[in-house]
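Down below is the structure, laid out as structure tokens.
Where a number appears in this text, it was derived from the coordinates with a stated rule and is not lab data. In this text the structure is predicted, and so the values were computed from the model without any measurement. When we count neighbours, we look across all protein chains shown, and the Cβ atoms used for this are built from the backbone with ideal geometry, even at glycine.
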Amino acid sequence: MGSKLQDFLESQVYPSQIWQSVIRHGKPVNDRNRSLAVLGNVFLHLHPIRLPRYATKYTYTWGMGGLSFLLFLVETVTGILLMFYYHPTASLAYGDIKSLEFDVPFGMILRNMHRWGAHAMVLAVWFHMFRVFMTGSYKKPREFNWAIGVILLTITLFMSFTGYLLPWDQLAMWAITVGTNMARAVPLLGHEGPFSNLLGLKIDNDIRFALLGGTRVGGPTLIRFYVLHCIAVPFVMSFILSIHFWRIRKDGGISGPQSARLANLNKVTQVKAAEGKKKVEGIKVEAPKAE
Ligand code: HEM
């Protein structure tokens with residue numbers, strides 16, 4: 001049975017144009033084909049060629065960056081499923097959430113996975129930032145990635161904030177009322193903040209007005225927060241995340257404990273010194289010939 005399948009694959013499938021256009025290398029039985037297999041596959045290609053042992057230790061990374069990303073994926077999948085049952089309009093939103101909880105099979109668990117996943121993601125990102133700080137991984141050459149991380153933290157918090165309004169209950173309305181009221185006082189952008197006169201800001205043209213789509217929380221706010229939460233911010237976040245991951249590779253992978261790096265550096269220095277000594281010993285110093 002196994003060999004029949006093997007024969008079929010080898011005679012019909014592997015030589016076919018469809019197969020050849022996707023898999024462009026032979027069987028990974030030698031080094032060349034194995035490297036072609038990695039280079040030709042986007043997911044394998046994303047992984048670094050080699051990893052230092054300490055980078056795989058949970059005691060060093062706490063796995064918090066990976067956990068943050070896993071939670072981002074959980075939020076994406078559960079969020080898409082939630083969108084099937086939700087209308088972002090003032091008349092329907094609240095009822096949709098209630099019917100999701102009480103009518104839709106597994107609706108309650110779906111909603112709670114999304115909600116608890118969001119809380120967990122905020123925690124994981126904070127812990128990740130804390131570990132990066134404690135291991136000094138924000139230092140050269142990773143300063144730029146630290147700055148990218150700060151943007152990711154802000155975006156994570158903004159995702160939580162925009163999602164908060166969507167259940168359209170009392171908690172949501174008043175939380176967003178309080179939150180957006182703070183935007184009044186933002187320097188330069190809020191109409192009650194310092195320097196607001198430079199841009200001629202008033203209650204109906206400042207950053208709070210732009211967020212609310214009016215001067216108070218209402219239907220226009222709901223659709224704005226929905227579009228921000230489900231499309232705009234996740235889109236920006238995916239883009240910034242790809243820069244974050246790309247930078248980790250370009251900065252030489254996960255940072256190492258200083259001792260390991262120093263030990264390595266010492267080894268290199270010792271080898272170089274030993275080589276230098278050999279060279280010096282190899283040179284025959286001849287006495288100058290008398291003329
Ligand atoms: C959505 C949020 C974030 C995700 C999904 C994420 C993901 C990751 C992952 C998977 C790593 C690999 C190492 C590890 O797991 O620790 C990493 C490394 C790193 N992250 Fe993040 N990160 C996020 C937010 C942040 C924040 C808030 C900061 C700091 C402000 C930050 C700064 C860094 C730095 C500097 C590294 C390199 C660390 C090293 O080389 O040891 N990241 N990130």
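Worth a mention:
- Per residue, the average separation of C-alpha pairs within less than 8 Å and at least 6 apart gives the chain a relative contact order of 15 percent.
- The value of relative contact order for region 63-136, using C-alpha pairs under 8 Å at least six residues apart, is 47 percent.
- With Cα atoms defining each centre, region 24-60 and region 201-230 are spaced 47 Å apart in the structure.
- Other residues within the sphere of radius under 15 Å centred on the Cβ of A147, judged by their own Cβ, net out at +3 (K and R +1, D and E -1).
- Considering all different alpha carbon pairs of region 2-46, the Kirkwood hydrodynamic radius works out to 11.5 Å.
- Computed over the chain, the ratio Rg/Rh where both radii use C-alpha atoms and Rh is Kirkwood: 1.17
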